[in-house]
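To start, the structure under review is shown below, and the notes come after it.
The values are calculated or read from the model by the stated rules, or taken from the named source; none is laboratory data. Nothing here was measured: the structure is a model prediction, and the numbers come from that model. Every residue, glycine among them, receives a Cβ derived from its backbone with ideal geometry; neighbour counts consider all protein chains shown.
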Amino acid sequence: MAEAMERVFHLTGEALLAYPYLTETEKFKGKDTGNYSVTLILQDEKSYKALFDKIMTVGKKLHGDRQFKNPLRSTDDDNGGESTPLIDKGAPEGWSIKATTKYRVDLVDRDPKQPLQAIEFYPGMVVRAHLSLVPYDGLGRGVKAYLQGLQKVKDAPRLNLGGAGSGSPFYNLDDPKEDRMAAAEEGLSL
């Protein structure tokens, strides 16, 4: 089974950062997963193709011609009716991939010698991610993406896709009256 743990590394092209859980581990249905994670949205077809080809190579090495789960999906995919497509939440067209880790990772600025803090990464920031791809076979067959590091490429408008990593509920409000109304609904005082 040593072959199943062989990691293949991949550096993505530019991607939008969505759902960054970098300051604390993510929670799912009220339970702590114990993992830090990011969801990335690739919009460039060349970046998508490079990652897709790498995932297929990794998966076929363990699974051969058998079908296996690919962690890369279209932003309009509803995962067989299990979730709301990202595009319906306001994400741009493209392909998404979720990468997780149990450990803190390297977070750097445009200049990789300049470290950044996890709090400096926000939904919508343009990043490059260093991933490791690992095939698995056990409770299902597939390829898992693990986060090794994240590099800020440039600032961009914030994305508010919902969820804990997606920013303030007040982000899209321009009118102070609407701010007060939304705050009242949440039981907050402004």
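Below is a table of values for the structure above.
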| read-out | value |
| --- | --- |
| Selection from the stretch 15-32 of residues that are over 18 Å from Arg73 (Cβ atoms), free of Cβ contacts under 8 Å to residues at least 40 places away in the same chain and over 14 Å from the mean Cα position of the chain (by Cα) | Glu24, Lys29, Gly30, Lys31, Asp32 |
| Scope the stretch 124-141; condition over 24 Å from Gln43 (Cβ atoms) and either touching a residue at least 60 places away in the same chain (Cβ under 8 Å) or in contact with a Pro (Cβ under 7 Å, 6 or more places away or on another chain) (or both); matching residues | Val134, Pro135, Tyr136, Asp137, Gly140, Arg141 |
| Test: residue in the stretch 79-87 that is under 21 Å from Leu11 (Cα atoms) and either within 14 Å of the chain's Cα centre (by Cα) or outside any loop (DSSP other than H, G, I, E, B) (or both) | no |
| Filter result for the condition that a residue is loosely packed, with under 14 Cβ neighbours inside 10 Å and either modelled with pLDDT under 95 or touching a Ser or Thr at 6+ places or on another chain (Cβ under 6 Å) (or both), over Leu86, Leu159, Leu188, Leu147 | Leu188 |
| Criterion violated by Pro112 - all others in (1) in a strand (DSSP E or B); (2) closer than 18 Å to Glu14 by Cβ satisfied | (1) |
| Only one of Lys49, Lys60 that is loosely packed, with under 14 Cβ neighbours inside 10 Å and free of Cβ contacts under 8 Å to residues at least 40 places away in the same chain | Lys49 |
| Sole exception among (1) buried (at least 16 other Cβ atoms within 10 Å of the Cβ); (2) within 14 Å of the chain's Cα centre (by Cα) for Ser74, by number | (1) |
| Filter result (over 12 Å from the mean Cα position of the chain (by Cα) and within 15 Å of Leu147 (Cα to Cα)) within the stretch 34-53 | Gly34, Asn35, Leu51 |
| Qualifying residue in the stretch 80-90 (condition: farther than 18 Å from Lys144 by Cα, small (Gly, Ala, Ser) and in contact (Cβ under 8 Å) with a residue 24 or more places away in the chain) | yes |
| Residue tally, condition touching a strand residue (DSSP E or B) at 6+ places or on another chain (Cβ under 8 Å) and among the small types (Gly, Ala, Ser), over the stretch 51-104 | 6 |
| When residues of the stretch 92-109 are limited to those that are aliphatic (A, V, I, L, M) and more than 12 Å from the chain's Cα centre (by Cα), the one nearest to Thr25 (Cα to Cα) | Val105 |
| Qualifying positions in the stretch 101-155 - within 17 Å of Ala18 (Cβ to Cβ) and of a type in the set (S, T, N, Q) | Thr101, Gln151 |
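Each row is one residue, and each column tells you yes or no for (1) in a helix (DSSP H, G or I); (2) at pLDDT 95 or above.
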residue: Glu3; (1), (2): yes, no
residue: Thr39; (1), (2): no, yes
residue: Asp53; (1), (2): yes, yes
residue: Leu62; (1), (2): yes, no
residue: Ile97; (1), (2): no, yes
